[in-house]
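Data first, discussion second: the structure below is written as structure tokens.
Every number in this text was worked out from the coordinates using simple rules, so none of it is lab data. For clarity, every value in this text was computed on a predicted model and none was experimentally measured. No Cβ is skipped: glycine too gets one built from the backbone with ideal geometry, and neighbour counts run over all protein chains shown.
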Amino acid sequence: MERLDHFMARAAAAYYAKGEGIGRDFTTAPEMSQAFGECLGLWAAVTWQSMGAPARIILAELGPGRGTLMADALRAIDQMMPAFAQALELHLVETSPALRAAQADKLPGRVTAWHADAVSLPDGPAILIANEFFDALPIRQFIRREVWRERFVADGSFVEQPSNHDEPAPEGSIREISEPALATAAGLGQRLTQQGGALLILDYGPAESGFGDTLQALHGNAPCDPLATPGEADITAHVDFAALARASGAAAHSPLPMGLFLQRLGLIARSAMLAQAAPAQAGAILAAAQRLVAPEGMGRLFKAMVLAHPDLSTPAGFEA
Ligand code: SAH
């Protein structure tokens, strides 16, 4: 018998260590459209300017996957804002050796260092991006019976154990808590508040905290039982944005539906340009852009939230 978060940590570590899942089991925004990383690169550049264009800045990505987002971001930054390209020092937070190798291939000569944890990032003002990172961090699940109980895993099934979790809720409610996600938000929030900068989180989950079982697993782009094949499927849960904002103690902007955020950054216009330049792929390019912004695609379930130094002006895309 194992606590759910311990099970999930083991499953995720084994799964990402292989580094083959992205594209096969699940598709992420940067893998769908180069415009996604380009827009985020320009968002980082504008954020750097609004910080007063410091001569040295840490640019960090949490869970960079195949390195696609950052490669697209740097290409846009190099072209549009070379002064930011000069100032930035790139750091990647990644535990998987296979994905670190893929990132090194995609970003030759650009990465200053890899880190196992955001805690070891060097000091200084920083701009951080996390796309589909927090959803991969392990959760605990509590379920309301007569009293609250905690869900453990034994032989591929849930078993309930006594718990001292305590909050009012109707019978059957499930509360999910990701302690590593809250600890990461707290550590980064403190750092941003003291040293300046911003963290952009893009992930899926509701804007307000709620009850519910959101644990899910994907294999071959199809849902599967999250407890059945640990290490073989991508296992994730909804991100509790409100809880991350509270834990960070930093200034929180939104969360906003991701589709709205990307539209405000010009993703559709950029995609139209790309489509015009490559008529043979135009249909696919525009379809990917639509999927990213459409409410029935990834535009509404996914959210964008920024945690930042309190003096930072409203980040691009978050204007009321
Ligand atoms: N951002 C990428 C990949 C998302 S998959 C994209 O959008 O395509 C999740 C990423 O987070 C992978 O790179 C995975 O190896 C990394 N990851 C998962 N758990 C982690 C942890 N505890 N510490 C550091 N990286 C982790």
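I'd like the antiparallel share, as a percent to the nearest 5, of DSSP beta bridges with both residues in the chain.
Expressed as a percentage, antiparallel bridges in the chain total about 60.
Relative contact order of region 1-148, please, whole-number percent, based on alpha carbon pairs below 8 angstrom and at least 6 residues apart.
31 percent
Under 1.5 on a/c is rounded, so check that first for the chain, then, if it is not, pick prolate when a/b is larger than b/c and oblate when it is not; a ≥ b ≥ c are the square roots of the alpha carbon gyration tensor eigenvalues.
Cα axes put the chain in the prolate bin.
With a sphere of radius 14 Å drawn around the Cβ of R291, what net charge do the other residues whose Cβ falls strictly inside it have (Lys, Arg +1; Asp, Glu -1)?
On the way: positive: R300; negative: E31, E296.
Result for the local shell: -1.
Using 0.36 nm per residue of separation minus the Cα-Cα distance, give me the extension gain between R264 and H6 in nm, one decimal. Kindly include the intermediate steps, with their values, before the conclusion.
Details: separation 258, 0.36 × 258 = 92.88 nm, distance 3.92 nm.
Once the chain is fully extended between R264 and H6, it gains 89.0 nm.
What are the ³J(HN,Hα) couplings of region 159-176, residue after residue, when phi is run through the Karplus curve with 6.51, -1.76, 1.60 and θ = phi - 60°? Round to Hz, x for glycine and proline.
Using θ = phi - 60°, the values come out as 10, 9, 10, x, 8, 9, 4, 8, 6, x, 6, x, 2, x, 5, 10, 10, 10 Hz.
Convert each backbone phi in region 197-205 into a coupling constant with the Karplus relation 6.51 cos²θ - 1.76 cosθ + 1.60 (shift: θ = phi - 60°), then list the ³J(HN,Hα) values in order as whole Hz, x for Gly and Pro.
These are the phi-based 3J(HN,Hα) values: x, 8, 10, 9, 10, 10, 6, 10, x Hz.
Counting other beta carbons within 10 Å of each residue's own, what order do K303, K106 fall into, fewest first?
K106, K303
For the residue pair S163 and Q276, what label-to-label distance in nm results when each label sits 7 Å from Cα along the Cα-to-beta-carbon direction?
For the pair S163/Q276, the computed spacing is 5.4 nm.
Cut-off is 10 Å between beta-carbons; in what order do W43, W48 appear when sorted fewest neighbours first? Walk me through the intermediate numbers first.
Working: W43 26, W48 23.
Placing the least packed residue first, the sequence is W48, W43.
Counting Lys and Arg as +1 and Asp and Glu as -1, what is the net charge of the other residues whose Cβ lies under 11 Å from the Cβ of T27?
Numbers: positive: R24, R291; negative: D25, E31, E132, D234.
For residues surrounding T27, the net value is -2.
Compute the signed sum of charges (Lys and Arg +1, Asp and Glu -1) over the other residues within less than 15 Å, Cβ to Cβ, of P125.
-1
Roughly how tilted is helix 267-277, in degrees to the nearest 10 and between 0 and 90, from the longest Cα axis of the chain?
With rounding to tens, the tilt is 60 degrees.
Could you pull the Rg and Dmax for region 117-229, using just the Cα atoms, both in Å?
Gyration radius and largest Cα-Cα distance of region 117-229: 17.1, 49 Å.
So if we plug the beta-carbon distance of H115 and Q49 into 1/(1 + (r/R0)^6) with R0 = 30 Å, what FRET efficiency do we get, rounded to 0.05?
On the way: r = 26 Å, r/R0 = 0.86.
For R0 = 30 Å, the calculated efficiency reads 0.70.
Kindly express, to the nearest 10 degrees and within the range 0 to 90, the angle between helix 282-293's C-alpha long axis and the longest C-alpha principal axis of the chain.
Around 50 degrees separate the two axes.
How far is the Cα center of region 1-71 from the Cα center of region 301-319, in Å?
Using only Cα atoms to place each centre, the spacing works out to 17 Å.
Over the chain, what is the mean sequence separation of C-alpha contacts under 8 Å (at least six apart), divided by residue count, expressed as relative contact order in percent?
Value for the chain: 21 percent.
Select from region 170-216 those GluC sites (Glu not before Pro) which occupy a DSSP coil region and have at most 12 other Cβ atoms within 10 Å, ordered by residue number.
Answer by residue number: E171, E208.
Please list, by residue number, every one of the trypsin sites (Lys or Arg not before Pro) in region 108-148 that is coil in DSSP and has at most 16 other beta-carbon atoms within 10 Å.
R145
Quick one: Y16, Y204, fewest Cβ neighbours within 10 Å first, how do they rank?
Least to most surrounded, the residues fall as Y204, Y16.
Label A83 and R246 with points 7 Å out from Cα along Cα→Cβ: what is the distance between them in nm?
With each label placed 7 Å out from Cα toward Cβ, I get 4.1 nm.
Among the GluC sites (Glu not before Pro) within region 228-320, which fall in a DSSP loop and have no more than 10 other Cβ atoms within 10 Å of their own Cβ? Don't skip to the end; give the middle numbers.
Details: sites: E232, E296, E319; in loops: E232, E319.
Hits after loop and neighbour filter: E319.
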